[in-house]
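Below is one structure, written out as structure tokens, with a few remarks after it.
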Amino acid sequence: MEQPYAIEMLHITKRFPGIIANDDITLHLKKGEIHALLGENGAGKSTLMSVLFGMYQPEEGTIKKDGQPVDIKDPNHANALGIGMVHQHFKLVECFSVLDNIILGVEPTTRGGVLQKAQAREKVVALSDKYGLKVDPDALIEDITVGMQQRTEIMKMLYRENEILIFDEPTAVLTPQEIDELMEIMRNLAAEGKSILFISHKLNEIMSVADRCTVLRKGKCIGTVNIADTSREELSRMMVGRDVEFVVQKEEAKPGDVILDVSGLTVASKAHSNNAVKDVSFQVRAGEIVCIAGIDGNGQTELIYGLTGLEPAKSGTVKLKGTDITHSPIRQRSTMGMSHIPEDRHKHGLVLDYSLEDNLVLQRYFEPQFVSKAGFLKRGAIREYALRLIEEYDVRSGQGPITTARSMSGGNQQKAIIAREIDKEPELLVAVQPTRGLDVGAIEFIHKQIVATRDAGKGVLLVSLELDEVMSLSDRILVMYEGEIVGELDPKKTTVEELGLYMAGARREEKRA
């Protein structure tokens, strides 16, 4: 007799106001397999997995586990059934330690109710060593990198001994090295008999790690294919419904005047007593894309915070078009021509409980086109502006401009931020991980927008952990390692391997030392 599937989702339908997120979807997960779920932003992937994890109740359809129908009422019930999930936007308590987050809800106690942290720590350290996760149980969540937060989420599932593991866009925030490690971890988990559902937009990852792949488009299931029998091109066609260009098309850069001039910038670290950015100097000129590359946690985040005003500089100067803005407030930097696509779209990019249209005018609502002399917002003008950006940037949401930002898919939240920042026609566009969590069709579009910004004679400072993106989009690459710029590379003359050596600190330019 054939072994029953680990999970069967049969004819699942889930509706939200103005949208059918999942339209009669059927998915089968075999025991011990890595099953990828592929689709554009807003195709319904996260919704389908949230139904499996008990966060949403479907209007129609049945879920079976090991051949038996189950009614998953909430995430605790899902955990009890052995189903765990790492969400795209992590569910961690920022002021708690890593260990406290891992054991939260399943704390080991004595009969008298006394917390047994020592044994929990032993288990966490053992799991961390076994899977090569290298987490520090005592670090506070607010002090660790996004990559480490991701590992904390994975540890939560392993600690609870879940059998079905759902990874929602798990590599969106990881460095290339961390992605390789995560892929290895996933293979090991599958080899141990755990069944993995892996939501991703990244075709290379799916091709390298998944056994089978189910493709969703606009809420409908397009089909399930064996990875061994398919190609990147075929998957992208199933996902987007057309052929996609994987190569960035751009002319030679024509650098002009200096737009951003950074001299001797030092920024303190929140995590430890050393400075996160140490005496960094560089320039970005009009008409060029300068990329800061590096492994996550080497000071890129703090550098951008120092440039954009999110953190104060300890020393050094930042000049925008010749004007010293080192200590200028954020709004002043914005009105002087700096746009910022932030790393953390929820913390610094959006007001999640505002509507989409209000988020789109966050930095411009005080301009005469959006506010009357008496101080009242011109709602009609805001709506018109929002509709134009939604159309231009293909921002998909259930109720258009009045949709609450929180209810949109991560990729569409990202598109909204990019639309707002690029449409300001800034002198300097600071783009941190701009294509994080976007599908191939959207990435192609965003890359074109960034190149168009450069070609319009603006300066672009890009921070990316995607090596392909760094190599194909940038005109100059600056590599950061332990808070310093250790190399300047020409993407046309360097290799991914050489870039990797600089990023890992194995090589540096002596003249900068």
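Counting only protein heavy atoms and using a 1.4 Å probe, the accessible area of Ile295 comes to about 40 Å². Classify segment 319-464 as rounded, prolate or oblate from the Cα gyration tensor: take a ≥ b ≥ c as the square roots of its eigenvalues, call it rounded if a/c is under 1.5, otherwise prolate when a/b beats b/c and oblate if not. Oblate. For segment 457-500, the solvent-accessible area works out to 34 Å² per residue, with a probe of 1.4 Å and every protein chain left in place. Contact order for segment 267-309, expressed relative to its length and based on alpha carbon pairs under 8 Å spaced 6+ residues apart, stands at 41 percent. The GluC sites (Glu not before Pro) of segment 184-234 that DSSP puts in a loop, and whose beta carbon has at most 14 other beta carbons within 10 Å, are Glu192. Between Thr224 and Arg237, residue separation times 0.36 nm minus the direct Cα-Cα distance comes to 3.3 nm. Beta bridges from DSSP with both residues in the chain: antiparallel share about 55 percent, rounded to the nearest 5. Could you work out the relative contact order of the chain? I mean the mean sequence separation of Cα pairs under 8 Å and 6+ apart, divided by the number of residues, in percent. Contact order relative to length: 16 percent.
For Pro491, the shell of other residues with beta-carbons less than 9 Å away shows a net charge of +1, using +1 for Lys and Arg and -1 for Asp and Glu. How high is the relative contact order of segment 1-76, in percent, with contacts defined as C-alpha pairs under 8 Å that are six or more residues apart? So the answer I get is 38 percent. Restriction of the chymotrypsin sites (Phe, Trp or Tyr not before Pro) in segment 361-443 to DSSP coil positions whose beta-carbon has at most 14 other beta-carbons within 10 angstrom yields Tyr365, Phe366, Phe376. Scalar couplings 3J(HN,Hα) for segment 408-413, obtained by applying the Karplus form with A = 6.51, B = -1.76, C = 1.60 to θ = phi - 60°, are 7, 5, x, x, 6, 4 Hz; x denotes Gly and Pro. Dipole of the chain computed with +1 at Lys/Arg Cβ and -1 at Asp/Glu Cβ about the Cα centre; of Leu27, Leu429, Leu362, farthest Cα towards the positive end is Leu362. Among [x] 21.9, 68; [y] 23.4, 77; [z] 28.1, 87, only one was calculated for this model; which label is it, if the read-out is Rg and Dmax of the Cα atoms in Å? The value computed from this structure is option [y]. For a Förster distance of 60 Å, can you work out the FRET efficiency between the beta-carbons of Gln283 and Glu161, rounded to the nearest 0.05? The pair Gln283/Glu161 has a calculated efficiency of 0.70.
Protein heavy-atom accessible surface, 1.4 Å probe, per residue over segment 184-263: 48 Å². For segment 461-509, the list of trypsin sites (Lys or Arg not before Pro) that fall in a loop by DSSP and count at most 10 other C-beta atoms within 10 angstrom reads Lys492, Lys493. For the chain, the mean residue ellipticity at 222 nm estimated from helices alone is -9000 deg cm²/dmol, where every DSSP H run of n ≥ 4 contributes -39500 (n - 2.57) and the total is divided by all residues, rounded to the nearest 500. Expressed as a whole percent, the accessible area of segment 395-513 that falls on carbon and sulfur atoms is 48 (1.4 Å probe).
Between the listed residues Val371, Leu320, His346, the Cα displaced farthest toward the positive end of the dipole of segment 244-388, a dipole computed from Cβ unit charges relative to the Cα centre, is found at Val371. Note on Thr62 and Gln363: the extension gain reaches 103.8 nm, defined as 0.36 nm multiplied by sequence separation minus the Cα-Cα distance. Element breakdown for segment 240-329 at a 1.4 angstrom probe: carbon and sulfur atoms account for 45% of the accessible area.
The values are calculated or read from the model by the stated rules, or taken from the named source; none is laboratory data. Note that the structure is predicted; figures quoted are calculated from it, not measured. Positions of Cβ are generated from backbone atoms using ideal geometry, with glycine treated the same way; all protein chains shown enter the neighbour counts. Please note that ligands, DNA and RNA were not included when accessible areas were found on the heavy atoms of the full protein model with its side chains. Shrake-Rupley method; radii C 1.70, N 1.55, O 1.52, S 1.80 Å.
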